[in-house]
């Protein structure tokens, strides 16, 4: 008979592997330079999260080098210091029980919108699908306390978007799973770039709000394979 | 003696392999993010097409995971749901018997032109070669019924271009073979980018219509190796 | 004792290998899309050149698939049709005995300058080093006769630059060896991109003509390892 | 008992390996074209440095092909001529005993700012973290004597930034270790690109000087793993 502790150990192990592996998507899509972005995942049913260690090369990340923290950001298990963004991730998990994964990047085009403090307007069907409208801008917030986490949660409360541009900083995305949050980070940069380029030579045409709603509803319901959310496998 | 069914099975198998493999070109040329683009191929002599499954990672695509549909978009063979763009592909095959392959992407620069609803002007000899003139813009169309397919077919009817920019959405390309359609998608993004960049610092020079015609005629006739269309092997 | 024919065979074999392999640089630096660029090399001491076959994928190029032509562009050896740009390469070899390699691409930023018919101003020390001044623009020329070759040779006659932007078309570069010409194609796109980006937000500062001369003189004499031109091995 | 000479030999060997390997970061982040950038490392406790050979392909660099020079730039050990930027590296080591690594690139966006002679304003938290303020511009300086080295040292004297944009030329970065200098080169291009893109569509918001100071202080103290500077392993 498997004990509760053995089951937890196994769950943590599995999330360590998923979170470590997902960082390869950040580098493959060139969302990060050097060690500047991170992925975390909630341990379901526990007040625990798994997060990238601070300042370790993406090429050197392994399941074992991930750090397990409680939802106040204290290290529970792991030989490394956790990401310097741990407090922000933890805040999100404490205040959004629906969130199972958080991603942070300084991806180029999204960060450029963030540097101007400008939301990305929903002028692409792909944006309507994934974000359900504009990608909003959160406040300028100093790293190291709850400011960033609070900025993320308060800004996203008013939007369907799983991505928020933190002013002068970068992007945070959330998802039901770590993989969903990574997908949102990839798509956020993709649409940030396309809308930027569209704007360079004129004004993108708008999409009617009712069409944005219909696109979002359809995509959230019927895209992908039945019986799984996109990316939960 | 090989039966008719055995021959069809073999043909379908071969198109499954071709269509699955061609998706690697979409990622190599960075035309797609996450799972957002798709390739299909007609089964010659049958009212059938082979298309990418919905929401499956490019790295995981195999011949076996491709989906066979009839030309109304109903699944005939395959364990996955087909691409959410299946109706659009099917519409094209029904109305354009000359088309053997269809590709859809949200490639960055082409989608930026599409977001502004602006055709790409033919100011490069490479555009004259491949597209025979401007790359036109189709209407805004909701996904899920025949709107996109009809928009593609009606827009391309008036042009030599195998590519159409669907407003606020992305690109659809057609070809005699799936590989030709992929080539058109690659070249569409390439010229969309070059003409965008040319326009950023001024106005590209025009090419006389008669020269566009001559370039197009020559390229369609003499480019590549004798006895094959470009891209059939 | 090695016969003259055996020596020629060996020389041609070696140039086939060099020319085939150099195409990997065009793809690595993303100077080409699909099959749209080509490298050739002169067979020293003979009125012969080795060039890429037309419309064959870069991934499939081998020494054996290269085509040997005379300097009128007629095929002398090889199972494929030569590049559709063969006439232009051949013209350059006929009129510039100092040239041992020619490269053609539609690389993005250089082609954008070409689409506007605008020379790239020498505002970077790297441009002074490699090009000794501006990269000039040649005329609009139809493919298929001597127009392109003549445009290249006449334009480069008045410049130190080994690269010329052919109007509305793309880039041709020359070099003492095929590798030198490839280097010029790589550097041409690199400076075309940097100067474009510099121009997007203002006006680049000029470099005094006397400093351009000094930079060019030094780089051509002392860069690299003694006893070889940059790129001969 | 290990002699002094054996220890030095071992130290030099180790720095040869580190310096050779770090060039792979320049190509992975696409900071360099052809052979145009270089990394060097000081041999601690000796008036020696290890630097890239001139004009050798990045793919061919090995620990053995690195060149050991004294701090006047004279070759002490090695079969190749050292980088043509050796005098600049040597000048920095002579005048900045705190510097253990120097990197030079012509990375695209940073060089574009350099071509306009414009400092990169600190409008991103990532810039405050790594550079502690603007990235400054140094003078136009001819290669081949002490002009470049002097320009680097004099410009950086007034800034916290480990990167300087040399006018019409490119970037030099310094660090406690060669790896720190490479990190600075990677981050310099990353922020040069993001701020450029932010500026294309408007004016980035400023970050208060006091917040820049706080971000810099925190990052320099607490980022990464305890007991190592970021980048020493």
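Restricting attention to the range C:13-29, the residues being closer than 22 Å to residue C:193 by Cα and free of Cβ contacts under 8 Å to residues at least 40 places away in the same chain number 4. Screening the candidates C:194, C:206 for the property of being over 24 Å from residue C:148 (Cβ atoms), touching a residue at least 60 places away in the same chain (Cβ under 8 Å) and surrounded by fewer than 24 Cβ atoms within 10 Å (Cβ to Cβ) yields one hit, C:206. If you check residue B:176 against the conditions, is it farther than 20 Å from residue B:124 by Cα, modelled with pLDDT of 95 or more and surrounded by fewer than 24 Cβ atoms within 10 Å (Cβ to Cβ)? Considered against the rule, which asks whether it is farther than 20 Å from residue B:124 by Cα, modelled with pLDDT of 95 or more and surrounded by fewer than 24 Cβ atoms within 10 Å (Cβ to Cβ), residue B:176 comes out as yes. The combined condition, being at negative phi, under 17 Å from the mean Cα position of the chain (by Cα) and either facing chain C (nearest Cβ under 10 Å) or touching a residue at least 24 places away in the same chain (Cβ under 8 Å) (or both), is not fulfilled by residue D:62.
Report yes if residue C:226 is facing chain D (nearest Cβ under 7 Å), in a loop (DSSP other than H, G, I, E, B) and more than 17 Å from residue C:121 (Cβ to Cβ), otherwise no. Yes.
When you check residue C:100 against the structure, is it more than 13 Å from every other protein chain (Cβ to nearest Cβ), farther than 22 Å from residue C:209 by Cα and in contact with a helix residue (DSSP H, G or I) (Cβ under 6 Å, 6 or more places away or on another chain), yes or no? Criteria not met by residue C:100.
The single condition among (1) more than 30 Å from residue A:211 (Cα to Cα); (2) outside any loop (DSSP other than H, G, I, E, B); (3) within 9 Å of another protein chain (Cβ to nearest Cβ) that residue B:221 does not meet is (3).
When the range B:157-170 is filtered for residues that are in a loop (DSSP other than H, G, I, E, B) and either without any contact (Cβ under 8 Å) to a residue 60 or more places away in the chain or closer than 19 Å to residue B:216 by Cα (or both), the ones remaining, listed by number, are B:158, B:159, B:160, B:161, B:162, B:167, B:168. Could we say that residue B:211 is in a helix (DSSP H, G or I), within 14 Å of chain C (Cβ to nearest Cβ), in contact (Cβ under 8 Å) with a residue 24 or more places away in the chain and surrounded by fewer than 19 Cβ atoms within 10 Å (Cβ to Cβ) here? Taking the combined requirement at face value, the residue satisfies it.
In the range D:145-155, is there at least one residue being in contact with a helix residue (DSSP H, G or I) (Cβ under 8 Å, 6 or more places away or on another chain) and either free of Cβ contacts under 8 Å to residues at least 40 places away in the same chain or within 13 Å of chain A (Cβ to nearest Cβ) (or both)? Checking the range D:145-155: not a single residue is in contact with a helix residue (DSSP H, G or I) (Cβ under 8 Å, 6 or more places away or on another chain) and either free of Cβ contacts under 8 Å to residues at least 40 places away in the same chain or within 13 Å of chain A (Cβ to nearest Cβ) (or both).
In this structure, residue B:55 does not satisfy being over 29 Å from residue A:191 (Cβ atoms), without any contact (Cβ under 8 Å) to a residue 40 or more places away in the chain and facing chain A (nearest Cβ under 10 Å). Inspection of the range A:155-170 finds a residue satisfying the criterion of being buried (at least 19 other Cβ atoms within 10 Å of the Cβ) and within 25 Å of residue B:141 (Cβ to Cβ).
To keep it simple, each residue is scored yes or no on (1) within 18 Å of residue D:49 (Cβ to Cβ); (2) within 14 Å of the chain's Cα centre (by Cα); (3) assigned to a loop (DSSP other than H, G, I, E, B); (4) in contact (Cβ under 8 Å) with a residue 60 or more places away in the chain.
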| site | (1), (2), (3), (4) |
| --- | --- |
| D:98 | yes, yes, yes, yes |
| D:104 | yes, yes, no, yes |
| D:115 | no, no, no, no |
| D:129 | no, no, no, yes |
| D:142 | no, no, yes, no |
| D:172 | yes, yes, no, yes |
| D:187 | no, yes, no, yes |
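Among the residues making up the range D:114-132, those that are over 18 Å from residue D:160 (Cβ atoms) and either buried (at least 24 other Cβ atoms within 10 Å of the Cβ) or more than 9 Å from chain C (Cβ to nearest Cβ) (or both) are D:114, D:115. Flag: residue A:150 matches the condition of being at pLDDT 95 or above and surrounded by 15 or more Cβ atoms within 10 Å (Cβ to Cβ). Checking the range A:20-40 against the condition returns a match, with at least one residue being more than 14 Å from every other protein chain (Cβ to nearest Cβ), in a strand (DSSP E or B) and under 19 Å from residue A:88 (Cα atoms).
Name the single residue, out of those in the range B:53-68 being in contact with a strand residue (DSSP E or B) (Cβ under 7 Å, 6 or more places away or on another chain) and outside any loop (DSSP other than H, G, I, E, B), that is surrounded by the fewest Cβ atoms within 10 Å (Cβ to Cβ). Once the filter is applied, the top-ranked residue is B:65.
Conditions tested, residue by residue: (1) within 14 Å of chain C (Cβ to nearest Cβ); (2) surrounded by 23 or more Cβ atoms within 10 Å (Cβ to Cβ); (3) within 20 Å of residue D:31 (Cβ to Cβ); (4) modelled with pLDDT under 95.
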| residue | (1), (2), (3), (4) |
| --- | --- |
| D:70 | no, no, no, no |
| D:75 | yes, no, no, no |
| D:96 | no, no, no, no |
| D:111 | yes, yes, yes, no |
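Which condition breaks for residue A:182 when tested against (1) within 7 Å of another protein chain (Cβ to nearest Cβ); (2) in contact with a helix residue (DSSP H, G or I) (Cβ under 8 Å, 6 or more places away or on another chain); (3) within 24 Å of residue B:55 (Cβ to Cβ); (4) assigned to a helix (DSSP H, G or I)? Among (1) within 7 Å of another protein chain (Cβ to nearest Cβ); (2) in contact with a helix residue (DSSP H, G or I) (Cβ under 8 Å, 6 or more places away or on another chain); (3) within 24 Å of residue B:55 (Cβ to Cβ); (4) assigned to a helix (DSSP H, G or I), residue A:182 violates only (1).
Summed over the range C:189-208, residues that are more than 26 Å from the chain's Cα centre (by Cα) and either assigned to a loop (DSSP other than H, G, I, E, B) or at positive phi (or both) total 7.
The values are calculated or read from the model by the stated rules, or taken from the named source; none is laboratory data. Note that this is a predicted model, so its numbers are computed, not measured. Glycine also receives a Cβ, built like all others from the backbone with ideal geometry; neighbour counts cover every protein chain displayed.
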